[in-house]
Each structure stands twice: as structure tokens, then as C-alpha cells.
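Written out below as C-alpha cells is the structure these notes cover.
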Amino acid sequence: MKKQESFSLPLTNESQIPLAFLGNKNAENTSGVILAGDIGATKTNLALFEINKGQLSLVKEKTFHTRDYNAFTDMVRSFHRNKLPVINGICLGVAGPVTRGKVKGTNFPWEIDSEEISIELRVHSVTLINDMEANAYGLMALPNSDFEILKEGSDIPGNAVIISPGTGLGEAGLYWDGAQYHPYATEGGHCDFSPRNELDWELWKSLHQKYGHVSWERVVSGPGIYGIYQFLRGYRGNAEPKWLT
């Protein structure tokens, strides 16, 4: 198992979330060009960064429609052309479970293989990480002003969770060891949706007829909103006005 060490960024005078990071490399001695990617079912964000003594500077960024491409490498070739610097490393946050350097997209059609990317793009270092786990690590770079409290809770430190509804339902956990958070990936969005009352049960039956297995992702997501709307329209017998259609 890789050693985990603390790592922090200079963030003015505001407090930051203490996170434990994998590896023991000194970021201040790192230099080169990194391609970072956030690959989702609907869209993919790519960004090229230069690293100089641990400091990142943005070279270029662009958003793509994921389903417009047959492979990740095709997208990179579209993004990384002309007279751009040589890429020294790639790190991708992908919407799906990462197993031995491979990810088969949960809600998009292609597989991402770090070894194949390394060979095709001639980049020695290629790392894949679950997108929600990557989001968890990104929390430490946010100052307090970037957060909104929806409901005050206990000030007792403990485990935490990130929930991110989008095309699917992303979830990640953060284990608290008494000093730092340790992010880890989950696929909790695919757990069974559990009806708690008669209306929930009718919704479950409606979704079950369409999909078979009814996960929380079928309810708490962008498509889930539309599914709930369709169910309620039929369940309550309300006519749909033309302006809404």
C-alpha cells in the first residue's frame, strides 16, 4: 500500500480541509506539463497545465461532448495539436469504477485503459481516478468563501460524504482518522432505491417497469427529475400544458 502524506496549497489566510494524499513526492521539485481531465457521461473537460516548482499555470482548456468521440485518445488528439508542449503526465477523473488502471464508463460507451493511453500518446505517466474521489481531493483547494451551508450541523469531526447528481449520481466518502480526511471512491448511486411511503412505492413500480433495477441514480439525477415528472403527471392525471411540452 502506498504511503499517505498530507499536502496543502497556499490559500490566503482562510482555513482549509485537511486531506491525506497518496505518495511521498515533494511537489515543490516537480516540473513538466500535465494533461488533466474530468470525464463524465455528458461532457468532458480537458486542461493542460505547466508545473513549475509545484505551482500550476493553465496553458489551455476545452469542454467536449463525450458521446461525440469513440475513444479518449481521439478527444486528446482533437484537443492537443498545433505547437503545444510535450505532455509529461496525464491524470483523469472518470465517472466509473477504476480497476487496475481501467475504467468502463457507467453512462458512456467506451473503456479507458491507462496502459493503452500511455502507448498511443507516448506519455509515460498516466493515472486514472474515480471522478468523485478526485472531487474530494479538490475540496482542499477551496477557501471558506466557496462553500454555502444549507443546514448547520454538529462541529464534532467525523466521516463525510460527497453527493453529486448529474447525468448519474456520483458519491464519494471521506474517512476521518482524527487528523485528516482520506477520500475513497464508491458506487453508492447504484444502490437500490428504497420506498418509504405509498407515493414512493408507486414511483418505484413506475421506474421498475422501465428499467428493472431501480437505483437511487434513477431518482436523484438529471434524467431522474424527468422520470419523476413523467410519473407524477400520470399518477395525478394532470394534463400537460402546451408551453411546458
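The values are calculated or read from the model by the stated rules, or taken from the named source; none is laboratory data. Note that the structure is predicted; figures quoted are calculated from it, not measured. Every residue, glycine among them, receives a Cβ derived from its backbone with ideal geometry; neighbour counts consider all protein chains shown.
For region 179-202, a tally of residues being without any contact (Cβ under 8 Å) to a residue 12 or more places away in the chain, loosely packed, with under 14 Cβ neighbours inside 10 Å and not in a helix (DSSP H, G or I) returns 3. Considering the conditions (1) buried (at least 20 other Cβ atoms within 10 Å of the Cβ); (2) out of contact with any Asp or Glu (no Cβ under 8 Å at 6 or more places or on another chain); (3) over 26 Å from Arg218 (Cα atoms); (4) not β-branched (Val, Ile, Thr), Leu46 is excluded by exactly one of them, (2).
Of all residues in region 84-118, those being farther than 19 Å from Thr30 by Cα, exposed (fewer than 15 other Cβ atoms within 10 Å of the Cβ) and among the hydrophobic types (A, V, I, L, M, F, W, C) number 1. When Leu139, Leu121 are screened for being within 26 Å of Ser31 (Cβ to Cβ), of a type outside the set (Gly, Ala, Ser) and under 14 Å from the mean Cα position of the chain (by Cα), only Leu139 passes.
The residues of region 145-164 that are in contact (Cβ under 8 Å) with a residue 12 or more places away in the chain, under 25 Å from Glu187 (Cα atoms) and not in a strand (DSSP E or B), listed by number, are Pro157, Gly158, Asn159. Scanning region 57-78 for residues that are among the aliphatic types (A, V, I, L, M) and either farther than 18 Å from Pro109 by Cα or not assigned by TED's automatic domain parsing to the domain that holds Val33 (or both) returns Leu58, Val59. All told, Ile129 meets the bar of being touching a strand residue (DSSP E or B) at 6+ places or on another chain (Cβ under 7 Å), under 26 Å from Ala41 (Cα atoms), in a strand (DSSP E or B) and assigned by TED's automatic domain parsing to the domain that holds Gly37. Residues that are closer than 16 Å to Gly166 by Cβ and either acidic (Asp, Glu) or exposed (fewer than 14 other Cβ atoms within 10 Å of the Cβ) (or both) within region 224-245 comprise Ile225, Tyr226, listed in sequence order.
Looking across region 66-102, the residues that are touching an Asp or Glu at 6+ places or on another chain (Cβ under 7 Å) and outside any loop (DSSP other than H, G, I, E, B) come down to Thr73, Gly93, Val94, Lys102.
Number of residues in region 119-139 that are in contact with a Ser or Thr (Cβ under 7 Å, 6 or more places away or on another chain) and surrounded by 20 or more Cβ atoms within 10 Å (Cβ to Cβ) equals 3. A search for C-beta distances below 9 Å between a residue of region 102-125 that is touching a residue at least 24 places away in the same chain (Cβ under 8 Å) and under 28 Å from His190 (Cα atoms) and any residue that is in a strand (DSSP E or B) and among the acidic types (Asp, Glu), counting only pairs 6+ apart in sequence or on different chains, returns Lys102/Glu111; Lys102/Asp113; Val103/Glu111; Val103/Asp113; Gly105/Glu111.
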